[in-house]
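The block underneath contains the structure these notes are about, expressed in structure tokens.
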Amino acid sequence: SLQMILRFLSAFYSGMKSLSSGFYFNWGMNYARWGQPAKALYYLNRAARLNTKGSRIYLQRGLLLLAMGQPESAVIDFNTAIDANPRYMEAYVNRSILHTLAGRHEDAQNDIDQAVALGTDRVSLENRIAELRDQTE
């Protein structure tokens, strides 16, 4: 029936979208490793457009944006990664660091608590945050 064909095509299309999202993600990561951040960002943007729930895409793009000197854009990507996967420990860890650098110490502490609840070692993370705080004050 037409219904069955449409369901198949819909599933096939969303499968293709996630395949091509993975393709763009992999190329983005390659360009990041090769020290070509602008090309990496282009591919990660394409991956994110095709897979809005891809928490890994947003974490990696956030890290790339951070390396490119765009911390506020990085925070937005870490927020999106956490929205897509509320148990994404690495996103909390990285966001806590950015909150610390921006002087948002209460937000940083909330992220530390979340990361610890998900398995991060509290002592080492809090030591890293304390070092950052000393450097920025």
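Quick check on the chain: helices-only [θ] at 222 nm, where DSSP H runs of length 4 and up contribute -39,500 (n - 2.57) each and the sum goes over total residues. Nearest 500, please. Write down the numbers at each step before the final one.
Details: 7 runs with 114 residues, N = 137.
Estimated from H runs of four or more residues: -27500 deg cm²/dmol.
Once you have a ≥ b ≥ c as the square roots of the Cα gyration tensor eigenvalues for the range 44-110, tell me rounded if a/c is under 1.5, and otherwise prolate or oblate according to whether a/b is larger than b/c. Judged from the Cα gyration tensor, the range 44-110 comes out oblate (a/c at least 1.5, b/c at or above a/b).
Label sites at Asn127 and Arg87, each approximated as a point 7 angstrom past Cα along Cα to Cβ, lie 2.9 nm apart.
Using Cα atoms only, what is the angle between the long axis of helix 105-117 and the major principal axis of the chain, expressed in degrees (0 to 90) to the nearest 10? The helix 105-117 is inclined about 60 degrees to the chain. Largest to smallest in accessible area, the residues Leu63, Leu2 fall in the order Leu2, Leu63 (1.4 Å probe, all protein chains included). Net charge near Val116: determine it from the other residues with C-beta under 10 Å of the C-beta of Val116, scoring Lys and Arg +1 and Asp and Glu -1. Net charge around Val116: -3. Here the spin labels are modelled as points 7 Å beyond Cα on the Cα-Cβ line, and at Asp107 and Ser73 they lie 1.8 nm apart.
Ordering Thr100, Thr52 by accessible area with a probe of 1.4 Å, largest first, what comes out?
Per-residue accessible area, sorted high to low, gives Thr52, Thr100.
Taking amide hydrogens as modeled 1.01 Å from N in the peptide plane, which residues meet the under 5 Å criterion relative to Gln70, leaving out close sequence neighbours? So Gln70 has HN proximity to no qualifying residue.
Taking every Cα-Cα distance in the range 79-137 and sorting them into 5 Å bins from zero, the calculated P(r) comes out as 4, 22, 32, 24, 12, 4, 1 percent. Selection among Met68, Val93, Val123 by position relative to the dipole of the chain gives Met68 as farthest towards the positive end (Cβ unit charges, Cα centre). Ordering Gln135, Met29, Gln3 by the projection of their Cα atoms onto the charge dipole of the chain, which places +1 on the Cβ of Lys and Arg and -1 on the Cβ of Asp and Glu, puts Gln3 at the extreme positive end.
The long axis of helix 55-67 is offset from the longest Cα principal axis of the chain by roughly 50 degrees.
Just the Cα atoms of the chain, one point each, no solvent: what log10 I(q)/I(0) does Debye give at q = 0.15, 0.19 Å⁻¹? One equal scatterer on each Cα of the chain leads to -0.76, -1.04.
Converting phi to 3J(HN,Hα) with the Karplus coefficients 6.51, -1.76 and 1.60 and the offset θ = phi - 60°, the range 80-90 yields 5, 4, 5, 4, 6, 9, x, 9, 8, 3, 4 Hz in sequence order, with x at every glycine or proline. Only the Cβ atoms of Lys and Arg (+1) and of Asp and Glu (-1) were treated as charged; on that basis the dipole of the chain about its Cα centre amounts to roughly 960 debye.
The values are calculated or read from the model by the stated rules, or taken from the named source; none is laboratory data. Computed from a prediction, not measured in an experiment: that's the story for all the values here. For neighbour counting, all protein chains shown are included, and Cβ atoms are generated from backbone atoms with ideal geometry for every residue, glycine included. Surface areas here come from the heavy atoms of the whole protein model, side chains and all, with no ligands, DNA or RNA. Shrake-Rupley method; radii C 1.70, N 1.55, O 1.52, S 1.80 Å.
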